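Here's the structure, in structure tokens; my notes come after.
Rule-based calculations on the coordinates, nothing more; no lab input. Remember, predicted model here, so these are calculated numbers, not experimental data. FYI the Cβ positions are ideal-geometry reconstructions off the backbone, even for glycines, and counts take in every protein chain you see.
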Amino acid sequence: MSPRRMEDVPEPGPLRSGEFLVLASLQRAPLHGYGISQAVRDRTSGRVRLRPGNLYRVLDRLLERGLIELADRKPARDRDDQRRTYYRLTPQGRRTLAMEAELLADVALEVISLSPAKA
């Protein structure tokens with residue numbers, strides 16, 4: 001993969017829910033596709049399942065936007081299948097994830113404050 005120039009990276013815009021969840025799953029450590037899928041499922045208590053076709057479309061968009069990149073480091077050969085591709089957040093991806101999380105938190109707090117109290 002060739003290095004990207006800043007002018008080649010599309011302007012960050014709002015993230016789709018799948019993009020947000022994939023970025024959030026990569027926040028702690030690089031993961032491969034199946035690991036990302038499992039992390040999203042676990043983090044959403046099974047309510048969101050990214051099928052392989054959808055997952056790899058999301059990964060392609062995030063790569064194109066410069067929010068993730070292929071990870072250089074992989075687990076030791078005896079601990080993992082070397083054919084797996086690992087992904088990690090870029091610095092721009094971390095910033096975008098943080099900004100999106102703040103926006104969603106603000107909106108969620110407003111919705112909660114305007115919702116009728118539970119009986």
Extension gain R94-Q82, at 0.36 nm per residue separation less the Cα-Cα distance, in nm?
1.7 nm
Could you calculate the FRET efficiency of E102 with T44 from 1/(1 + (r/R0)^6), where r is the beta carbon distance between them and R0 is 22 Å, rounded to 0.05?
0.65
For peptides 107-117, 14-24, sequence by mean Cβ density within 10 Å, most packed first
14-24, 107-117
